[in-house]
1. Cα gyration tensor of region 81-169, axes a ≥ b ≥ c as square roots of the eigenvalues: rounded (a/c below 1.5), prolate (a/b > b/c) or oblate?
2. My understanding is that a pair violates if its Cα-Cα distance is over 19 Å; which of Lys86/Lys185; Lys110/Lys168; Lys101/Lys185; Lys86/Lys156; Lys110/Lys185 do that in this structure?
3. Sequence-distant or interchain residues sharing an amide H contact under 5 Å with Asp171, placed H: which?
4. Among Gln187, Phe200, Gly99, whose Cα sits farthest toward the positive end of the charge dipole of region 79-214 (+1 at Cβ of Lys/Arg, -1 at Cβ of Asp/Glu, about the Cα centre)?
5. Take peptides 148-160, 181-193 and line them up by average Cβ neighbours within 10 Å, highest first, as a rough protection proxy.
6. In nm, to one decimal, how far is the modelled label at Tyr109 from the one at Leu61, with both set 7 Å along Cα→Cβ?
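What follows is calculated from the coordinates using simple rules that are stated; it is not laboratory data. As the structure is a prediction and not an experimental result, all values here were calculated from the model. For neighbour counting, all protein chains shown are included, and Cβ atoms are generated from backbone atoms with ideal geometry for every residue, glycine included.
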Amino acid sequence: MFAILDNVRIGTMTWADAIQNNILRVNAAMLVVQLVAFIGLVFYVRYTRALKKSAEDQIRLSQDLLQAAMDQAEGVARPCITLASKLRDREETINEVYGVKGISVVKDYKGFLAVRNVGNGLALNIQYQFNRVNDPTYPKGLKGDDGYLQRLHSEKEIRLPTPVTMMKLGDWDVVFVFESLAGRKYQTTCRVQANILSGFRFEQTSGPQRVISTDKPSGKTV
């Protein structure tokens, strides 16, 4: 009888060990599955990040191409406003009279200054302002120092209500703010020294802001 009980105990212990072993195997298998899933998740995250970066790069490239196309189209019809000018006297140019280099002087349009659109497109909402440079005694905000012009076609000029004699002495910055037909905004600054055009700056002030053309004054203060 005791022998039978011993066999039962042995049998019971054998079944318990088998169950325990199966549980260990199941846990080990679950651990392997979780590890594989984790590795797969890591690769999935890296793959999706790579896809996201590739998509962002593609979007950025498309935006750059679109911007380049818009810039090219705008360049074909970009206005550029400046003071109308004429050639300076040859002797004055060679001798750099007033200490200013430059072969262009402001145009005398029947006693007045004139503005010209030297660009390729229509200029709209043109605002202009005459600023005396480095002269604290010159009063600001005088009537006639600034004004507005609705539009100016390409390669056309129009007389301003500003006498040309005003710019014979001293240095001036003449600032023009205007728009293209596409709605982009621009600003040009003309430096005038003793009626001589000695500097020019052309900027795009809306959209991608950038300097299109710039030059420093070529002479000393008169």
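1. Numbers: a/c = 2.15, a/b = 1.19, b/c = 1.81.
Oblate.
2. On the way: Lys86/Lys185 27 Å; Lys110/Lys168 15 Å; Lys101/Lys185 30 Å; Lys86/Lys156 15 Å; Lys110/Lys185 31 Å.
Correct reply: Lys86/Lys185; Lys101/Lys185; Lys110/Lys185.
3. Val133, Val222
4. The residue sitting farthest along the positive end of the dipole is Gln187.
5. Details: 148-160: 14.7, 181-193: 19.2.
Highest to lowest by the protection proxy: 181-193, 148-160.
6. 4.9 nm
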